[in-house]
Each structure stands twice: as C-alpha cells, then as structure tokens.
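To keep things clear, I will list the structure first and then write my remarks on it.
The values are calculated or read from the model by the stated rules, or taken from the named source; none is laboratory data. Predicted model only: the values in this text are computed from it and were never measured. No Cβ is skipped: glycine too gets one built from the backbone with ideal geometry, and neighbour counts run over all protein chains shown. We work out accessible area using only protein heavy atoms, side chains counted, and drop any ligands, DNA or RNA first. Shrake-Rupley method; radii C 1.70, N 1.55, O 1.52, S 1.80 Å.
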Amino acid sequence: MFYRENGQFKTSYRADQQIFPILQDRIAIGLLLAFAFLVVPMLASEYMLRAILVPFLILAMAALGVNVLVGYCGQISLGSGAFMAVGAYAAYNCIVRVDGMPLIIALLLGGFFATVVGVLFGIPSLRVRGLYLAIATLAAQFFCDWAFLRIKWFTNYTASGSVSVSSLNVLGWSIDSPLDKYLFCLGFLAVFGLLAKNLVRSAIGREWMAIRDMDVAAAVIGIRPMYAKLSAFAVSSFIIGVAGGLWGFVHLGSWEPAAFSVDRSFQLLFMVIIGGMGSIMGSFFGAAFIVVLPIILNQLLPALGSLVGIEISTAGISHTEFMVFGALIVWFLIVEPHGLARLWSIGKQKLRLWPFPH
C-alpha cells in the first residue's frame, strides 16, 4: 500500500521522461546509493571488500556492457573476456609508455581501444547472426589470447609474460587499501550505470531493441542495421574494456592472459542470462549471484557433509559449483527467460496493484 503512483501527476515532458517516474523508486535509489557510499565502508570488513564487493562491482559493470549487446541488441557474443583483456593491456601500456598518464584517462583509453577491437569483430554481425555470430566473436577471444601471450610488446617484454601495476593514484588519492578500491570502483559503476540506463532509453536504445526483436522490420521502418549493430558493439566493448582495466589494475594488480580467458566470457554471459537479458537491474542481480553463490557453496557444502558424515573435497565443491550453475541456467531459460530481473519486476507490479486482483 506504500508503493503507489496514485496522485503523482506529471506536469512537464521532463517529469514524464525521468528515469524513475515513481517517487518511491527515486527515494529507494537515493537510499541505496547513500548506503553503498556511506554505510558499507563503515561496516564491511577487509575480507568482504577485497573478496566480494570489489569483484561484484567490476563484474556488474562488465555485465552492463554484455547486456547492452546481448540483451538490448540481441547480438550473441562470446568474446567479452577478450574485450576485457584489451582494456586491461591497453591501459597498462598507456601507463607504462606515457609519463604522467592519469589513471582514469588510461582506463578510458583502454575502453577506447576495446571499442576499436569490438567494432572490428562486430562487422560479421552485419551478415551473420545467432550461432555463426557467436563463433565469430569467439574468434576474437582466441585471437586476443594468442596475441597477449605471444607478442611481448603488450607485456613490456617481461620475462614471465605477466604484468603488474602498483601505486595507483588519482589526484593525490592513493588507491591502495580495499576501502579505497571499493569506493573507486563504486564511483565508476555509478557513472556507467547511469549512462547505460539513459542510453537504453534514448533513440539509439530503441533502435537496438528494434533490431533485437526483428531486424528486417526495423530496416523497413528506416532503422539502419549497420549503425545500430556496430554502435551496440562499440558501447558494449567500451564498458567491458573499462571494466577489464579495473579488473586488472584494481582487483588483481598483477595478471596474465589466463585472467581473461574464455571462461570469463562464459561467466559474463551467465550473469546476463541469470540476472535478466535486456535489464540494467539484471546485470547487478547476475553479478551478485555469480559472486556470492560460490562463497555460499564453499561454506555450506562442508557443513552439510560434516552433518551426514561425508567429507567433501575442494574438487567436489568446485564441481558442484559448475553443476549448480548449469542447472540454474537451464532452469532460467525454461521457466523464466528474463531472469531475476523479471521476478523483481513482477514483485513490484504486484505491490503497485495490491490489494486489487487485476
């Protein structure tokens, strides 16, 4: 009864087109941001910040990029890990080869180079679709894995093939502690989340959704498929590239090409499927689910095993994670193809109508 829009009249086009038209939603988002920026830093432990919250923020941002391409434009991609790798290595080379390069500019340049690579490998989407497009984007993954492993220039000719960064600094703010890393990543996620939400509501976002629903009909009504598809690849790759830079610089600190393998691409795709395709909120749900579920299983399975007198090995727990992920993906594809975001939307709709049955 407290979640109603009765009496909330719109007196201008600007008020009618705002991101959250219901007052309760605006209050909830404001409280959520205040909680994330003010309360979490005071309550979260170092382990929670380092192992849960920072990976969640970065993976949620990468899932945003994947959702733009897969959920809103309907273009299947299995090369997200490659675009993350391009963003990370490009930002690393900007830092190494340009004296005094600011960290934020380096990360954005990493996103720019990821955009170039994403558009290049998105060109096949103009001619193929479905499984064939997935294979074309998978080629980007294998090509980038080979390039960053074999071409020593990308790693600044390090003997081990791995790269590392240290002493991250933004305008005198030293990003060394887990709390600093959390706030830095949270700022990036808030900005990119707002940009993504506005993009999908704009004219280009409606073009993406028209291409997703039926590209032939979209072309008939005047939408240019080439522009819509390549712009989706560009925006998606840019967001994923910046997330890759954050993953390498902030979360890992030292990495090698295996950190952005094809497993990372599948992980991001699973986030979008479980969280909800074509939903900004679904990207956050999917990232939270993928990050938290393995931790819950690692704590729950040994406890259950001790209760029944069975010792569960680490390998058994790892295999159980894969089985649970696979079962959940099949379940969501069959029962609720729009993921957790759809369940959230249904719950909100029922609250808006309660207690009326219609």
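Numerical summary
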| item | result |
| --- | --- |
| Sequence-distant aspartates and glutamates (8 or more away, or on other chains) whose Cα lies within less than 18 Å of Lys229 | Glu207, Asp213, Asp215 |
| Centre separation in Å (Cα based) which lies between the stretch 66-87 and the stretch 142-192 | 20 Å |
| Separation of alpha-carbon centers, the stretch 193-256 and the stretch 2-41, rounded to whole Å | 25 Å |
| Of the trypsin sites (Lys or Arg not before Pro) in the stretch 1-105, those whose Cβ has at most 13 other Cβ within 10 Å and which sit in DSSP loop | Lys10 |
| Solvent-accessible heavy-atom area per residue, rounded to whole Å², over the chain at 1.4 Å | 52 Å² |
| Whichever lysines have a C-alpha closer than 18 Å to that of Lys350, once near sequence neighbours (fewer than 8 apart) are set aside | none |
| The stretch 28-129 - Rg over Rh from alpha carbon coordinates, Kirkwood radius | 1.07 |
| Longest exposed-site-free window of the chain, the sites being GluC sites (Glu not before Pro) in a DSSP loop that have at most 13 other C-beta atoms within 10 Å | 6-310 |
| Area of Thr320 that stays accessible when all protein chains are in place (1.4 Å probe, Å², to 10) | 30 Å² |
| Nonlocal amide H pairs with Val170, under 5 Å, H built at 1.01 Å | Ile175 |
| Which labelled figure in (i) 0.98; (ii) 1.07; (iii) 0.96 is Rg/Rh (Cα atoms, Kirkwood Rh), once derived from the coordinates | (i) |
| Computed [θ] at 222 nm, helices only, for the chain once each DSSP H run of length n ≥ 4 contributes -39500 (n - 2.57) | -21500 deg cm²/dmol |
| At least 24 Å along the helix axis (C-alpha) and Kyte average at least 0.0, DSSP helices within the chain | 80-97, 103-122, 131-150, 178-201, 225-246, 280-308, 314-335 |
| Whole-percent carbon and sulfur share, accessible surface of the chain, 1.4 Å | 69 percent |
| Lysines with Cα under 27 Å of Lys181, excluding same-chain neighbours fewer than 8 positions away | Lys197 |
| Ratio of Rg to Rh over the stretch 225-358 (Cα coordinates, Kirkwood Rh, two decimals) | 1.06 |
